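The values are calculated or read from the model by the stated rules, or taken from the named source; none is laboratory data. This one's a predicted model, so the numbers in the text were calculated from it and none came from an experiment. Using ideal geometry, Cβ is built from the backbone for each residue, glycine included, and neighbour counts are taken over all protein chains shown.
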């Protein structure tokens, strides 16, 4: 499938195969918040890059971008989408920070955040329901190591849902020594999407 995103006067076109998360309302909310950031010449890591949307937007904004994903199909299609949109981005196959050694001015993470239920365990959609029983599995692991990869004055943008428990995610950031602020909200059926900024 193709995904189209309007960036200023350009139209970004991304190929998104079935094995890669298709950008939805969550991607568009965090993209909207990202575009308000001042990241020209900053080092940015797009964690769990999927089809590469946020990485490409960051590169279009003048950032020095690294993108990673645990899914090799995602890494390959994101590379192709990067080339299709005339951007230069480094790509790494990595399970969260397992192959990331550098530090960054901005970490972006739009994780799988929906809590799985018994039916999901037998679903083929392992991308959407990789958040575990509470939806917090990957975001918790991310928060545990994110601070180690932040430059001085660096920060994190991550997206969660009210189904993930905003209160608990904020607590996890605070326990990791990070301050938080809400930068965006969007109500959709059954839940509210939330973009959290975290920084030292």
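The strands (runs of 3 or more DSSP E) located wholly in segment 1-49 that include 1 or more residues which are buried (at least 20 other Cβ atoms within 10 Å of the Cβ) occupy 10-15, 43-47. May I ask you to list the residues in segment 124-135 that are surrounded by fewer than 21 Cβ atoms within 10 Å (Cβ to Cβ) and at pLDDT 65 or above? Hits for segment 124-135 are 132, 134.
Residues that are buried (at least 16 other Cβ atoms within 10 Å of the Cβ), modelled with pLDDT under 95 and not in a helix (DSSP H, G or I) within segment 88-123 comprise 111, 112, 113, 114, 115, 116, listed in sequence order.
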